[in-house]
Amino acid sequence: MDRALSAPGKLFLSGEYAVLWGGVARLAAVAPRTAAYVRRRQDSRVHICLEEGTLQGLTTPRGVKWDRDVPAGFSFVARALDEALRAHGRASVGFDLAVAPGALGPGGHKLGIGGSASATVLAAEAARFVLEEKFDVLKLALTAHTLGQGGKGSGGDVATSFAGGTVRYRRYDVTALADAANTGRFNAALAESPPVDLWRMPMPRVSMLYAFTGESASTRLLIGQVEARLADAGRAAFVERSDALGRTIEDGLGGGRDFRAFAEAVKAQHALLLELGPLETEGMRRVLAIAASYQCAGKLSGAGGGDGCILFAPDVEAREALRQGLESRGFLTLTLDVEQGVRGEAHADARLRGWVDALT
């Protein structure tokens, strides 16, 4: 019994930081996709195969009994498997899971499109398949990813990787689910808990591009710094302004406004984020200035402090001209088309299958 899977990355269209404090985020599922391959075993052993090596353990109703401390690079996948076994709640066969590395830019830098979220969703869905369970994969993945980040993060990247498309999302509180996982009621809690506030939006009618600035950022560190600077009243005011701009951006994405009005809302959303602190790098400033010179719009996407900018063009021709202009100046770009969420694939990645075949 085996299965090949893939899941997309994500980019924030609007609502970064506001979604942490009760506001709404809008995100798009984007390529490159992350691949995974899972195979059921005849014994109770579990193996996680990543590019950096293999981690092994034994299945138990309380999670995986790992043979050693879980290395940082394995933490999100391992946490998702632990939570899946807690949701299963009884003895089970083992399985081998191979997950491809996330997309990297020049110099081995992470591109900032949600690699840990994709890996978490893939691990949760792979375990559900092998265990022949019906638990809510999204809620389980949100729980695992939040716990893996020490409670930080909004879960928007997880929700987008799971659902695909362009989505409107409000942060999901996993506190009760995490408590239930520690008391043996996780499966019931997943079924009884409120639905995730996640809504699909129409397909965008503007053309999109991602420009990587050449340096990665630590989302967890940046969130901690911003939250330390902003008190409750300031957060509430920020959310109100962000949500208003987000509605305008959503309307513009769907073609409800002319591109100039949409571009002004995108620019205002970027400026609002900069009020939180020094989130814009010199690379971002250069990218956005180049975009403006091509009559396109853009903003940082995510926590800031590195990674890249999401850029919007009124049509495909303008996007292509911008792409060429950016690449001629040394920036890595990704042409963005909206991707489906986590899904089964007809054929397994040969390298991932090889990793599993090599196990004993």
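The values are calculated or read from the model by the stated rules, or taken from the named source; none is laboratory data. Please read all numbers here as calculations on a predicted model, not as lab measurements. All Cβ positions, even for glycine, are placed from backbone atoms using ideal geometry, and neighbour counts span all protein chains on display. Keep in mind that these areas ignore ligands, DNA and RNA; they rest on the heavy atoms of the full protein, side chains included. Shrake-Rupley method; radii C 1.70, N 1.55, O 1.52, S 1.80 Å.
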Considering the stretch 11-46 alone, what residues qualify as being open to solvent by less than 10 Å² (accessible area, probe 1.4 Å) and either of a type in the set (Asp, Glu) or more than 30 Å from ARG168 (Cβ to Cβ) (or both)? GLU16, TYR37, VAL38, VAL46
Of the residues that make up the stretch 150-157, is at least one out of contact with any Lys or Arg (no Cβ under 6 Å at 6 or more places or on another chain) and open to solvent by 20 Å² or more (accessible area, probe 1.4 Å)? yes
Every residue from the stretch 1-27 that is hydrophobic (A, V, I, L, M, F, W, C) and over 30 Å from LEU131 (Cα atoms): LEU11, PHE12, LEU13, ALA18, VAL19, LEU20, TRP21, VAL24, ALA25, LEU27
Could you run through the stretch 111-126 and say how many residues are buried (at least 24 other Cβ atoms within 10 Å of the Cβ), of a type in the set (S, T, N, Q) and either farther than 17 Å from GLU345 by Cα or out of contact with any strand residue (DSSP E or B) (no Cβ under 8 Å at 6 or more places or on another chain) (or both)? 1
Got a number for residues in the stretch 273-289 being free of Cβ contacts under 8 Å to residues at least 40 places away in the same chain and either surrounded by fewer than 19 Cβ atoms within 10 Å (Cβ to Cβ) or among the acidic types (Asp, Glu) (or both)? 7
Conditions (1) over 15 Å from ALA25 (Cβ atoms); (2) of a type in the set (Gly, Ala, Ser); (3) assigned to a helix (DSSP H, G or I); number of the one not met by GLY184: (3)
Subset of the stretch 307-350, residues of a type in the set (Ser, Thr, Tyr), open to solvent by 60 Å² or more (accessible area, probe 1.4 Å) and touching a residue at least 24 places away in the same chain (Cβ under 8 Å), comes to THR335
On the basis of being at positive phi, open to solvent by less than 70 Å² (accessible area, probe 1.4 Å) and out of contact with any Pro (no Cβ under 8 Å at 6 or more places or on another chain), does GLY255 make the cut? yes
If you go through VAL77, VAL64, the only one that is assigned to a strand (DSSP E or B), open to solvent by less than 40 Å² (accessible area, probe 1.4 Å) and not basic (Lys, Arg) is VAL64
Residue under evaluation ALA98, criteria (1) of a type in the set (A, V, I, L, M); (2) open to solvent by 10 Å² or more (accessible area, probe 1.4 Å); (3) touching a Phe, Trp or Tyr at 6+ places or on another chain (Cβ under 6 Å), criterion not met: (2)
Just one of (1) crowded, with 17+ Cβ neighbours inside 10 Å; (2) over 13 Å from the mean Cα position of the chain (by Cα); (3) polar (S, T, N, Q) trips up ASN182, so point out which. (1)
LEU81 under 19 Å from the mean Cα position of the chain (by Cα) and either of a type in the set (S, T, N, Q) or modelled with pLDDT of 95 or more (or both): yes
For TYR210, indicate whether it is crowded, with 17+ Cβ neighbours inside 10 Å and in a loop (DSSP other than H, G, I, E, B). no
Leading residue by the ranking (farthest from THR360 (Cα to Cα)) among those in the stretch 62-95 that are without any contact (Cβ under 8 Å) to a residue 60 or more places away in the chain and in contact with a Gly (Cβ under 7 Å, 6 or more places away or on another chain): LEU85
Considering residues that are assigned to a loop (DSSP other than H, G, I, E, B), small (Gly, Ala, Ser) and at pLDDT 95 or above, the number found within the stretch 291-344 is 1
State all residues of the stretch 225-246 that are farther than 11 Å from GLY23 by Cα and either without any contact (Cβ under 8 Å) to a residue 12 or more places away in the chain or surrounded by fewer than 15 Cβ atoms within 10 Å (Cβ to Cβ) (or both); if no residue qualifies, say none. ALA228, ARG229, ALA231, ASP232, ALA233, GLY234
When residues of the stretch 1-59 are limited to those that are among the basic types (Lys, Arg) and in a strand (DSSP E or B), the one nearest to the chain's Cα centre (by Cα): LYS10
